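Data block below; observations after.
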Amino acid sequence: MTPSALAPLATGQPNPVATRNAYGDALVELGGERDDIFVLDADLSGSTKTKAFGQAYPDRFLNLGVAEANMIGTAAGLAAQGKTVFASSFAMFAAGKAWEQIRQSVCVPELSVKVCATHAGLTVGEDGKSHQMLEDITLMRVLPKMRVLVPADAVEARLAIRAAAATPGPFYVRLSRAATPVVLSEDYEFVLGRGALLREGKDLAIIACGVEVAQALAAATRLAADGIEARVINMASIDPIDAEMILDAAAECGAILTAEEHQIRGGLGDAVAQVLARNLPCPLEMVGLDDSFGQSGTAEELLAFYGLDATGIAARARDLLQRKA
Amino acid sequence: MALSSERRSELQGIATQVRRDILTMVHAAGCGHPGGPLGMADFMTVLFCEHLRLDPTCLHAPDRDRFILSNGHTCAGYYSLLAIKGIIPREELVRFRKFGSPLQGHPHRNPDLGIDFSTGSLGNGVSVATGMAIAARANGWDSQIYCTSSDGESEEGQIWEAATSAAHYGVGNLTVLVDFNDVQIDGHMHDVMNVRDLAQKYEAFGWHAVRIDGHDLDAVDDALHEAKAERYRPSAIICRTVIGKGVSFMEDQPGWHGVAPNDEQYAQAMAELGETAAS
Ligand SMILES: Cc1ncc(C[n+]2csc(CCOP(=O)(O)OP(=O)(O)O)c2C)c(N)n1
């Protein structure tokens, strides 16, 4: 790997922004560029940030009320007539309550419905386990034809939404409630199916997505203080995944740690494990939830409690290095 | 507007052809659902041959009418009508449910065959039809969106989510025809789960709703004209039908929901429908 392959990181200390805010802004931007874009919501437009689109383009915004299954079906009908449709709710309800409609009415007929689900993961915080969707990557990734994106920050969220709009077919974009650090610079380029190398290192590679990318970078800084050089990869494109970047990391670092705000069963860790097991097995550990739901608390408290913060990631990295031959 | 007596008897002939096709297809497949589509054959014939704008000349026109068979298991009759309209090659009908055939066991969207949507999981179609109707209206298209549903499907909650939103968005270009045969898989509806008066329910949700005899071609034709004239409310036509209609031993028998006739039953059924079965 040459240093030029590193993705550009944000400089200075930009204010934290939630990816859902970037989503709302991206929709308004797209709405002005294309008149085939429709946006649907299920009584959460203030929280999912689709409201601004609704105000700018009321003729192309539909609020379906608290009825997620019907929202997805309606989105499919619009898409079958040629529209590009963004449909939003909290991840729990979009991916959870309407999974069957996403499968039958969106993925089977391969329609351009972009399910953009906010409030994913532990960082929902105080609402607790009923609202902390930790299984959606699994549920969406398993669906044929579905592409799954988990942007690391607001910069990438905007680009991921634009990629979803520009690419025909079903998409699931996982977004967060909490304001999180902006890690990527404005000239970062998102490419569907490509990971982004954020930090070079040869001792191990940390492959992260979503809010865990900032935590992984912070963990790498701490590890470096102890002389451990961790490569950090942002894997926003979970499906299609960047197998080449994963295999390069396995070959060059010899140990891989995944980090996600999600169950380790079926999520990013599983996707990486599948690439490794089939091609180049190497010591692998996964940071995430393991057979556990979340609970109420602040985002920071929860990431720390479940070992998903920089401290937890660094500790798991040290454990993993013990296994490296 | 009323059907001429000549046209009425033509339509009766087509409905009989649909019934023969259903039996031939399900018999050839050795499995499938004969009962429901036999009961739907009359109102489906009027819809497809008198109202639905779908034929080989407009097949790929984006602004043509759309049709969704939300009770997807009843697709044998739907495929037969697409063949009668010259869209599906007739010889494909006997490959229904066979490996490699586009005539899947439940409909799969196929723009070249006029199959407008994938269905099979009950409860989903009316939402999709509502989305299609909203899109058609937004595009300024003068098209109608038709969707069939059934009494059994009306047990699904999503139907009523869709009923709420279709009325809220005032999609006057949407018509749902409900096959009300009082039968679902496990028995008669009034024993398994009584959905009661669906016309009253749809009306309470803000729809234009009528109850008709689903075997009365004139009543179906009138109801479809009325539905098309509705500009601001979606329409529900509750079609009272008899499952297995036209085949004496299948009529009102829940057991014929999803079983293929054996050779002997097939021969008898075809004889009742005025034709000797080819062996
Ligand atoms: C969501 C869903 N649940 C269950 C089924 C299995 N199923 C297929 S048909 C049917 C009965 C439906 O009743 P109705 O449409 O009234 O049947 P018919 O009149 O055609 O006999 C059931 C339960 C299904 N296809 N989809």
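The values are calculated or read from the model by the stated rules, or taken from the named source; none is laboratory data. From a predicted model like this one, the values you see are computed outputs, not experimental measurements. Quick reminder, even Gly has a Cβ in these numbers, built from the backbone with ideal geometry, and neighbours come from all protein chains shown.
With respect to (1) within 16 Å of the ligand (Cβ to nearest atom); (2) not in a helix (DSSP H, G or I), the lone exception for residue B:58 is condition (1). Taking residue A:44 as the residue in question, decide whether it is more than 20 Å from residue A:123 (Cβ to Cβ) and either crowded, with 24+ Cβ neighbours inside 10 Å or not assigned by TED's automatic domain parsing to the domain that holds residue A:218 (or both). No. The lone criterion from (1) farther than 25 Å from residue A:262 by Cα; (2) within 16 Å of the ligand (Cβ to nearest atom) left unmet by residue A:62 is number (2). Among the residues that make up the range B:100-115, is at least one of them in a loop (DSSP other than H, G, I, E, B), away from chain A (no Cβ under 14 Å) and basic (Lys, Arg)? Checking the range B:100-115: not a single residue is in a loop (DSSP other than H, G, I, E, B), away from chain A (no Cβ under 14 Å) and basic (Lys, Arg). Here are A:42, A:91, A:117, A:95: which of them is closer than 26 Å to residue A:298 by Cα, touching a His at 6+ places or on another chain (Cβ under 7 Å) and not basic (Lys, Arg)? Testing whether each residue is closer than 26 Å to residue A:298 by Cα, touching a His at 6+ places or on another chain (Cβ under 7 Å) and not basic (Lys, Arg) leaves just A:91. Candidates in the range A:63-77 are the residues that are within 17 Å of residue A:37 (Cα to Cα) and at the interface with chain B (Cβ under 7 Å from one of its Cβ atoms); of these, the one that is surrounded by the fewest Cβ atoms within 10 Å (Cβ to Cβ) is A:64. Going through (1) more than 9 Å from chain A (Cβ to nearest Cβ); (2) in a loop (DSSP other than H, G, I, E, B) one by one, residue B:120 falls short only on (1). Residues in the range B:37-55 that are away from the ligand (no atom under 16 Å from the Cβ) and touching a residue at least 60 places away in the same chain (Cβ under 8 Å): 8 in all. Candidates B:145, B:134: the one that is more than 22 Å from residue B:199 (Cβ to Cβ) and either more than 9 Å from the ligand (Cβ to nearest atom) or at the interface with another protein chain (Cβ under 9 Å from one of its Cβ atoms) (or both) is B:134.
Of all the listed residues (A:142, A:213), the sole one being of a type in the set (Val, Ile, Thr), touching a residue at least 60 places away in the same chain (Cβ under 8 Å) and out of contact with any strand residue (DSSP E or B) (no Cβ under 8 Å at 6 or more places or on another chain) is A:142.
Consider the range B:148-175 and keep the residues that are polar (S, T, N, Q) and more than 30 Å from residue B:187 (Cα to Cα). The one that is farthest from the other protein chains (Cβ to nearest Cβ) is B:173. Here is the figure for the range B:225-279: residues that are assigned to a loop (DSSP other than H, G, I, E, B) and away from the ligand (no atom under 16 Å from the Cβ) total 13. Among the residues making up the range B:84-99, those that are loosely packed, with under 15 Cβ neighbours inside 10 Å and not in a loop (DSSP other than H, G, I, E, B) are B:90, B:91. Of all residues in the range B:225-252, exactly one satisfies the criterion of being surrounded by fewer than 21 Cβ atoms within 10 Å (Cβ to Cβ) and closer than 20 Å to residue B:75 by Cβ, namely B:242. Considering only residues that are touching a residue at least 60 places away in the same chain (Cβ under 8 Å), surrounded by 21 or more Cβ atoms within 10 Å (Cβ to Cβ) and within 16 Å of the ligand (Cβ to nearest atom), which ones fall in the range B:183-224? The answer is B:183, B:184, B:214. Each residue in the range A:1-59 was checked for being at pLDDT below 95, under 23 Å from residue A:180 (Cβ atoms) and assigned to a helix (DSSP H, G or I), and 0 pass.
In the range A:82-101, of all residues being closer than 18 Å to residue A:31 by Cβ and within 7 Å of chain B (Cβ to nearest Cβ), the one that is surrounded by the fewest Cβ atoms within 10 Å (Cβ to Cβ) corresponds to A:82.
When the residues of the range B:151-182 are filtered to those that are away from the ligand (no atom under 16 Å from the Cβ) and of a type in the set (Val, Ile, Thr), the one that is nearest to residue B:215 (Cα to Cα) is B:175.
Residue-by-condition table, conditions (1) assigned by TED's automatic domain parsing to the domain that holds residue A:100; (2) modelled with pLDDT of 95 or more; (3) under 24 Å from residue A:301 (Cβ atoms):
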{"position": "A:135", "(1), (2), (3)": "yes, yes, yes"}
{"position": "A:149", "(1), (2), (3)": "yes, yes, no"}
{"position": "A:153", "(1), (2), (3)": "yes, yes, yes"}
{"position": "A:182", "(1), (2), (3)": "no, yes, yes"}
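Please work out if residue B:170 is closer than 17 Å to residue B:241 by Cα and either modelled with pLDDT of 95 or more or in contact with a Leu (Cβ under 9 Å, 6 or more places away or on another chain) (or both). Against the criterion (closer than 17 Å to residue B:241 by Cα and either modelled with pLDDT of 95 or more or in contact with a Leu (Cβ under 9 Å, 6 or more places away or on another chain) (or both)), residue B:170 does not qualify.
Filter the range B:1-30 for residues that are at pLDDT 95 or above and not in a helix (DSSP H, G or I) and give the result. Answer for the range B:1-30, where residues must be at pLDDT 95 or above and not in a helix (DSSP H, G or I): B:3, B:4, B:30.
Among the residues of the range B:105-131, just one is touching a residue at least 24 places away in the same chain (Cβ under 8 Å), polar (S, T, N, Q) and away from the ligand (no atom under 16 Å from the Cβ), namely B:130.
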